[in-house]
């Protein structure tokens, strides 16, 4: 009996055997078959005949399978022998091959990964640093609406001086006369206030006087207290958390009374969160502005320039428009008609203030750019190592590439494979780099003078930066292998027509030269900076700075200055004392001078002023070029006489200065120029005024083999006269060292980066040298058999490298020369670019290069020719 | 009898043209082609179904399973917008070939 369903099941079974038919296809074919059978039955035949007829019309299972397969292949719109674009099943294979390649070439992978890791670690450190520099003052809620008022003064020399210091009257005027300016806040910071609570007394830095709106304009959150009212009361003070802890420990600081300079009392009305490190304003105490009067400053008037003013603009106001309006505000209100004013955005203060004469500028956009460039340099160096080694060793991979191509890999696939490999290496390096960063961070914090923590890495844009650095390194390193290796012709590769290693020789040469050029530039920079720092240390400042003790003098003690001096002089080790308003080399008051005898009607100069006593000349071993210094023999000197330096005479163009009238006094002597400021600046015009009432520092010259004992006697002397003030002293030479702290930071960073760049470059050279030695094993064997000596072989193998290093140095010299001249010109006084600065790097790089390749090359040269000739 | 290459070339436009008037299933498509061509075009299942699969993957058709009145599961195909565009371009190509041939053959009655 014919069983239709059974027959259909059998038919289906046959179909299911075909790999190319899917269940839905089979279901559809079954449906078709049944339709056909029905059709036949309708025509009047029996089931069996209908089934046979239907089957006849339909193709056998294998033919159907083929047809479906063809259709499937056709879908891809490419011939079936081409591989598909993405083969997910191969990804694992790629990873395996990459890891295997890394494992099999341990030495080279080590060089690659170590180099990349070092490069990336440097990049990450610098990234954190740059991020921090750029984040300055961004934490204020109104940061885009806050501006600092800058004032410009044109001198007759054509020079324009820019200051941040303003007069107190300007603040309120800005707010009341310009509707765009919502608030204006005056700010002045005094260092070395004596703060007392109970029996605790400390000199404190960061004692600032501000208008009461300060806390609402800026975002310095209060932990305790109300920012709107905290500074309204004239006897109130806001202190930082740090200070609250220092003075009050656990107890509640609110309402407690602090005594400043033994005179002025304030009641604590608020506790601030500690000021963030990335704030250009740094303070621990905020006192109401009006109380600055009690510390000897005027709180009104147009002629005393000492404080900073910040303004808050209304929303949606373009500050350029405001700039145009406020430009002449000073000349409108005062006789200072040469002054103009404009606004500097808050977020530019940190990095764009180097042309402004402000008490301290630490940041500079130049450094941000230079360090970023250095980071990129070092990373590039590491990438170049990767490229070099990859191309040099391309022969090793050539067979693999040929094989892949023969089996059907497309060029695109190979490119992707090589990029994948380099990116994988980069990611492995990233992990190691993170470890390095973790280890290096404390040292780097110290080096850069900035407090940095590992947690800074967790910021969004830093993480993005990390990813960017990794991909950059991976792509740059992979680009040459990916593009060149993937272009290999399988036939030539597999027939060994390509001699592994000769490929890309010139490319490698260029890369090595480039690498060493960058390194050489950094080394030259290192030498020049080192020389300059040395120069700064050794340079004669024009005054005697050794064995001089400086003691800051609180204002209250100025009447006692003579008493102090005489009692100090009684100590046998003390050879002299003097007092002045400032420490030489450190700071000075400035005034713009437009009144002197013989002045041209438009002349205006900048004149520095220091108040001194009669002993100033002898204590600092200064010299007079003309006339005399102040003397006790002339009691009228106090009111009538004036001593100026040579620079002042020069800019005032005086012929016979003696007796000429300047600032209401007559010149009695001209003092030889000495450096009142750091050597970054030229010696500026300076007037020394005999005025003991402005004494702020006492200088004590000592002659002793036991300084600590002398200091002890000075201290006992001090506390017998001024027991209410703690005794704090500094040595002048140490104090002056601080002038060049920024320069020393720069020096350290340059040293570190030059050393790292050299290290990375040598890593690459080492790899290349060992490769070359390996490549030429047979050649060396033959040469040895024919009688070549070890030195001959050494010179044969190292000749190329030496040539490259020399060429690199030759290219580096002019670049470094240009950059270093620019650097040295930032100092008014600087060492000269000697030949030594250029010769030393050449010798250094050569020695290091030779040492690096030496072992590899010697090993090759010493090797037993029998072995090497057998070597394959 | 129509040559194999010509059949192969014409299947796609024919299928698309049939489906433009509404959805249909494989067996029915074969029947309609046969009727329309007066029996000169007799498609086999091993040609049609793989092709339907290909056109579906290419996005020109959408298929779905439906149970017919007789209780048979059938896969019905519907033309998509992309399919319509494809048909339009096919139509233009066939028309130009057709025009060229018509012009060429007109002065040659001897061909009859």
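The values are calculated or read from the model by the stated rules, or taken from the named source; none is laboratory data. Note that the coordinates shown come from a computational prediction; the quantities given were computed from them, not determined experimentally. Cβ atoms come from the backbone with ideal geometry, glycine included; neighbour counts cover every protein chain shown.
Here residue B:96 meets each of (1) under 28 Å from residue A:69 (Cα atoms); (2) away from every other protein chain (no Cβ under 11 Å) with one exception, condition (1).
Please find, within the stretch A:156-167, the residue that is surrounded by the most Cβ atoms within 10 Å (Cβ to Cβ) out of those that are in contact (Cβ under 8 Å) with a residue 12 or more places away in the chain and in contact with a strand residue (DSSP E or B) (Cβ under 6 Å, 6 or more places away or on another chain). Spell out the reasoning first.
To start, the set of residues in the stretch A:156-167 that are in contact (Cβ under 8 Å) with a residue 12 or more places away in the chain comprises A:156-157, A:161-167.
Still in the list and also in contact with a strand residue (DSSP E or B) (Cβ under 6 Å, 6 or more places away or on another chain): A:161-164, A:166.
Details: A:161: 15, A:162: 16, A:163: 18, A:164: 22, A:166: 27.
Per the criteria, the residue is A:166.
What strands (runs of 3 or more DSSP E), lying completely within the stretch A:173-290, carry at least 3 residues that are surrounded by 16 or more Cβ atoms within 10 Å (Cβ to Cβ)? Explain how you work it out, then say what you get.
On the way: elements: A:181-190, A:193-197, A:200-204, A:207-210, A:222-224, A:236-240, A:257-260, A:264-272, A:285-288.
Counting at least 3 such residues, we get A:181-190, A:193-197, A:207-210, A:236-240, A:264-272, A:285-288.
The test for being within 14 Å of another protein chain (Cβ to nearest Cβ), out of contact with any strand residue (DSSP E or B) (no Cβ under 6 Å at 6 or more places or on another chain) and either surrounded by fewer than 19 Cβ atoms within 10 Å (Cβ to Cβ) or modelled with pLDDT of 80 or more (or both) holds for residue A:67.
Of the helices (runs of 4 or more DSSP H) lying entirely inside the stretch A:778-872, those containing at least 1 residues that are closer than 21 Å to residue A:763 by Cα span A:790-824, A:835-862.
Residues are listed down the side, and each one gets a yes or a no for (1) crowded, with 18+ Cβ neighbours inside 10 Å; (2) in contact with a helix residue (DSSP H, G or I) (Cβ under 8 Å, 6 or more places away or on another chain):
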| position | (1), (2) |
| --- | --- |
| A:509 | no, yes |
| A:515 | yes, yes |
| A:522 | yes, yes |
| A:529 | yes, yes |
| A:538 | no, no |
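Scan the stretch B:57-72 for residues that are within 10 Å of another protein chain (Cβ to nearest Cβ) and more than 17 Å from residue B:90 (Cβ to Cβ) and the total you get is 6.
Do you know which of the residues in the stretch A:19-32 that are more than 8 Å from every other protein chain (Cβ to nearest Cβ) and in a helix (DSSP H, G or I) is nearest to residue B:29 (Cα to Cα)? Spell out the reasoning first.
So the first thing to find is which residues in the stretch A:19-32 are more than 8 Å from every other protein chain (Cβ to nearest Cβ), and the list is A:19-23, A:26, A:30.
Those left that are additionally in a helix (DSSP H, G or I): A:23, A:26, A:30.
Working: A:23: 21, A:26: 18, A:30: 16 Å.
Per the stated criteria, the residue is A:30.
Within the stretch A:780-792, the presence of a residue that is crowded, with 19+ Cβ neighbours inside 10 Å, under 26 Å from residue A:114 (Cβ atoms) and touching a residue at least 40 places away in the same chain (Cβ under 8 Å) is excluded. Of the numbered criteria (1) within 46 Å of the chain's Cα centre (by Cα); (2) buried (at least 16 other Cβ atoms within 10 Å of the Cβ), the one residue A:599 fails is (1).
Listed conditions (1) free of Cβ contacts under 8 Å to residues at least 24 places away in the same chain; (2) out of contact with any strand residue (DSSP E or B) (no Cβ under 9 Å at 6 or more places or on another chain) are all met by residue A:304, apart from (1). Which of the residues belonging to the stretch B:9-42 are under 10 Å from the mean Cα position of the chain (by Cα) and either within 11 Å of chain A (Cβ to nearest Cβ) or on the phi > 0 side of the Ramachandran plot (or both)? Those that are under 10 Å from the mean Cα position of the chain (by Cα) and either within 11 Å of chain A (Cβ to nearest Cβ) or on the phi > 0 side of the Ramachandran plot (or both): B:29, B:30. Residue A:59 passes every criterion in (1) part of a loop (DSSP other than H, G, I, E, B); (2) at negative phi; (3) more than 8 Å from every other protein chain (Cβ to nearest Cβ) apart from (3). Give the stretch A:638-668 a look and list any residue that's surrounded by 20 or more Cβ atoms within 10 Å (Cβ to Cβ) and in contact (Cβ under 8 Å) with a residue 40 or more places away in the chain, or say none. Across the stretch A:638-668, the qualifying residues are A:641, A:642, A:643, A:644, A:645, A:648, A:652, A:662, A:667, A:668.
From the list A:194, A:215, the one residue that fits, being at pLDDT 85 or above and more than 32 Å from the chain's Cα centre (by Cα), is A:194.
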